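Each remark here refers to the structure printed beneath this line.
The values are calculated or read from the model by the stated rules, or taken from the named source; none is laboratory data. In this text, all values refer to a predicted model and were calculated from it rather than measured experimentally. Cβ coordinates were reconstructed from backbone atoms using ideal geometry, including for glycine residues, and neighbour counts include every protein chain displayed. With ligands, DNA and RNA removed, areas are computed over all heavy atoms of the protein, side chains included. Shrake-Rupley method; radii C 1.70, N 1.55, O 1.52, S 1.80 Å.
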Amino acid sequence: MKIALDATYSAGPNLSGVGVYSREILHGLAHMHPDPGVRWLWCYRPHRFLKSLRIGLPRRCGRRLLLDRLVPDAALFHGLNQRLPSTPLRRSVTTFHDLFVLTGEYSSPEFRQRFAEQARQAAARSDLIIAVSAFTAGQVEQLLGVERSRIRVVPHGVHPSSPGIPEKIILSVGALQKRKNTIRLVEAFERCPPGWKLVLAGSHGYEAGEALSRIEASPRRADIELTGYVDDVTLQGWYGRAGIFAFPSLDEGFGMPVLEAMSRGIPVLTSNRGALPEVSLDAALLVDPESTGAIADGLRRLITDESLQQTLRRKGLLRAAQFSWENAVKRTWQVYLELV
Amino acid sequence: MEDEPDEIQLLEEAFLEIEEKRFSRGWQACERVYAVSLEEGLTVLARDRFDVILLDLSLPGGVSLHSFLRVHAQAPETPIIVLTSSEDEPLALSLVRQGAQDYLIKSDLDCAPLARVLRCSIERNRLSVVQQSISLMDDLTTLYNHRGLTHLGERHWNLAQQHKLHVLVMQASLPGLDKIREALSMQERDIALIEAADLLRGAFSETDLIARTGTEQFTAIALLETSAAVQEKIHHISRQLSGLATLQLGWAYSEETRLEDLLTLAGRSLCENRLVENRAGCYL
């Protein structure tokens, strides 16, 4: 049996959250199901196909070019990023991460229009849909009119990692952009006691210019470090040094960095929007992301209240232990088994 | 438990003498109930609790060892003193090894040895019950431990069978404890366990049996009258524990299968919850 997956986003440098998800599912399935009866076809769209040649393929995996009208013959096709090729497919699964393209102005109008249409098409044509959180599942149901019976929730995982040695660093991971609420985070940081540093790790996202200008104008500019995109090793180094993790996003379909931070025993401040309360439960300090005062109060509480820090560290480690990529892969495989 | 009227008379006289003489300091007048057959004795024991049982081994309806085992099973926490003839002393001794507190030779029955044996038996038994209950508890969480669950679970099960109740079993796990010990400290790991135990104590009722059955594992057993009540209980507890980043739950219930099977099923449900129980969008 051949199973084809859209591996496009797993290729190339600077992997986004979708890229990490794609990589984990692709490799996880190939390694956890060494059934000689299954052959995995990793399909790449033209703009990433050449880059994919640098990726070594596990056994029983083949590399294929993916065009909308040219799809390898397979019993099942899995679109890992809420789109499917337009060619008719035998059976199909699509993973939905979020529907910001329908709900927010966090990208260009052209981008939103194009990806919204792709999402609608994929939702209509998929036999089953994987949503990465119950929040996203609800949005797929409400905004795209998909019946609940076609949706399965498969949350992301996190790799076990060692605790670090915390310093007076507030770490935030994610592209500099409106959705990540960078400007309010910077303004809140300015109200924090001196001696602390804010590290913003991530590439420059949609309309990052406004955030960069605000950072340059900050009276605490000397305490703010912009790393740009960092590779995994460097990022893990920052997690190891962080004393607080701040992730006050305006919207998230899952919020993988929150789990990363929890798994390192870092107290987390995040927002009460999107999937973040569902992922964090009571293991993070939840704040209104549209209130700079609330973010600042939350950060100050975390800085000064050692008992709260310790409680969030403990609960965060427990919460992170409930997620693993192994489970995500097993659940994904079980979704396939419903169709083939 | 004695069928011979003469023996009953003798015992009564001994008791009266003890009470008249106030044989030992602190002796309190006691109420005595006589059963003249094994069946009557078992009925009385099922109805009332006693401080001590005097058991004649030659009761009608039973044969020595058999009589003792049935009485002991009916009232496992009540001390039993065996009344025997001198010829049966070896048997009486063997019953002490099986759990009787002491024995008295009928021909030697007098107020002094009777008073001493009664008081010593009650005290020894009290100590033994306390020790046993301590060894059934988990020191850290003060919930029952695995031994406590096995010991008391069987009683819950028997009660359910007698009264045709549904048995609900919940298995809960607390993954991530090792990470807490590694990242924070052993003390923080213990706090996490205590917090989880408190959550369970708050979610279940006092009549339910809750135990810490492994390093990061908890088990609870509840008896309910109807399957609707079972569903309601599952819903109630899940709601109580949802939103808390601590416990993963698995459930099983039945009025038919064996307790061990239910425990296994609940454990499997716990594992499967992590893997397949995702249609409702809930993966706690």
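Comparing the full protein assembly with the isolated chain (1.4 Å probe, heavy atoms, ligands and nucleic acids excluded), the residues of region B:150-199 losing at least 30 square angstrom of accessible area are B:Pro175, B:Lys179, B:Ile180, B:Glu182, B:Ala183, B:Leu184, B:Glu188, B:Glu195.
Applying the Karplus relation 6.51 cos²θ - 1.76 cosθ + 1.60 with θ = phi - 60° to region B:92-108 yields 3J(HN,Hα) values of 4, 4, 5, 6, 4, 5, 8, x, 5, 7, 6, 9, 10, 7, 4, 5, 9 Hz, where x marks Gly and Pro. With the convex hull drawn over the C-alpha atoms of the protein assembly as shown, the volume per residue is 196 Å³. Starting from the amide H of A:Ile151, placed 1.01 Å from N in the peptide plane, find each other amide H under 5 Å away whose residue is 5 or more places distant or on another chain. The list, which skips near neighbours in sequence, is A:Ile129. Quick one: plug the Kirkwood hydrodynamic radius of region A:191-325 (C-alpha pairs) into Stokes-Einstein at 37 °C, 0.692 mPa s, and report D in µm²/s. In µm²/s, the coefficient rounds to 212. Among the trypsin sites (Lys or Arg not before Pro) in region B:61-134, none is located in a DSSP loop while being surrounded by at most 12 other Cβ atoms within 10 Å of its own Cβ. Under a 5 Å amide H cut-off, with hydrogens placed 1.01 Å from N, A:Arg64 pairs with A:Trp42, A:Cys43, A:Tyr44 among residues at least 5 apart or on other chains.
The alpha-carbon atoms of region B:5-135 define a convex hull whose volume equals 106 cubic angstrom per residue. The shape of chain B comes out prolate: with a ≥ b ≥ c from the C-alpha gyration tensor, a/c is at least 1.5 and a/b beats b/c. The string of couplings for region B:118-134 from the Karplus curve (6.51, -1.76, 1.60, θ = phi - 60°) is 4, 5, 5, 5, 5, 5, 4, 5, 4, 4, 5, 5, 4, 4, 5, 5, 5 Hz, one whole number per residue in order, with x for Gly and Pro.
Axis angle, to the nearest 10 degrees, between helix A:306-320 and the longest C-alpha principal axis of chain A: 0 degrees.
Sites listed here are GluC sites (Glu not before Pro) in region B:26-95 whose DSSP assignment is loop and whose Cβ has at most 12 other Cβ atoms within 10 Å: B:Glu31, B:Glu77. Between chain B and chain A, roughly 2600 Å² of accessible surface gets buried, counting both sides and using a 1.4 Å probe. Each Cα pair under 8 Å and six or more residues apart adds its separation to the average, and for chain A the resulting relative contact order is 16 percent. Roll a 1.4 angstrom probe over the protein heavy atoms and tell me the percent of accessible area of region B:5-135 that is carbon or sulfur. Whole-percent figure for carbon plus sulfur exposure: 51.
Put +1 on the Cβ of each Lys and Arg and -1 on the Cβ of each Asp and Glu in chain B; which of B:Phe50, B:Thr84, B:Leu184 then has its Cα farthest toward the positive end of the dipole? It is B:Leu184. The residues of the protein assembly as shown present an accessible area of 45 Å² per residue when probed at 1.4 Å with all protein chains retained. For region A:245-330, which GluC sites (Glu not before Pro) pass both filters: DSSP loop (anything but H, G, I, E, B) and at most 15 other C-beta atoms within 10 Å? Hits after loop and neighbour filter: A:Glu290. Across the protein chains, with a 1.4 Å probe defining accessible surface, the residues B:Val82, A:Val20 rank A:Val20, B:Val82 from largest area downward. The overall shape of region B:145-213 is prolate: from the C-alpha gyration tensor, with semi-axes ordered a ≥ b ≥ c, the ratio a/c is 1.5 or greater and a/b exceeds b/c. Simple spin-label estimate for B:Arg181 and A:Asp231 gives 3.6 nm between the two label positions (7 Å along the Cα-to-Cβ direction from each Cα).
The share of alpha-carbon pairs in region A:220-262 lying farther apart than 13 Å comes to 66%. Taking every C-alpha pair closer than 8 Å and separated by at least 6 residues, the mean separation divided by the residue count of region B:146-275 gives a relative contact order of 37 percent. Over the residues of the protein assembly as shown, the helix contribution to mean residue ellipticity at 222 nm works out to -14500 deg cm²/dmol, using -39500 (n - 2.57) for each DSSP H run of at least 4. Interface residues of region A:311-329, defined as those with an accessible-area decrease of at least 50 Å² between the chain by itself and the complete set of protein chains (probe 1.4 Å), are A:Arg314, A:Leu317, A:Leu318, A:Gln322. Seen from a random direction on average, the alpha-carbon convex hull of region B:146-275 projects onto 7.9 square nanometres. Rounded to whole numbers, the Karplus 3J(HN,Hα) couplings from phi for region A:70-79 are 9, 10, x, 5, 8, 5, 8, 10, 10, x Hz, using 6.51 cos²θ - 1.76 cosθ + 1.60 with θ = phi - 60°, and x at Gly and Pro. A straight line joining the Cα centroids of region A:45-60 and region B:169-228 runs 46 Å. This model, with +1 at the C-beta of Lys and Arg and -1 at the C-beta of Asp and Glu, gives region B:5-135 a dipole about its Cα centre of some 660 debye.
Extension gain B:Thr264-B:Gln162, at 0.36 nm per residue separation less the Cα-Cα distance, in nm? Full extension from B:Thr264 to B:Gln162 adds 34.4 nm. Counting protein heavy atoms only, chain A has 51 percent of its accessible area on carbon and sulfur, 1.4 angstrom probe.
Under 5 Å between amide hydrogens, built in the peptide plane, is the criterion, and for A:Val158 it picks out A:Ser324, A:Trp325 among residues at least 5 positions away or on other chains.
B:Tyr253 contributes an accessible area of around 90 Å² to the protein surface, as traced by a 1.4 Å probe with all chains present.
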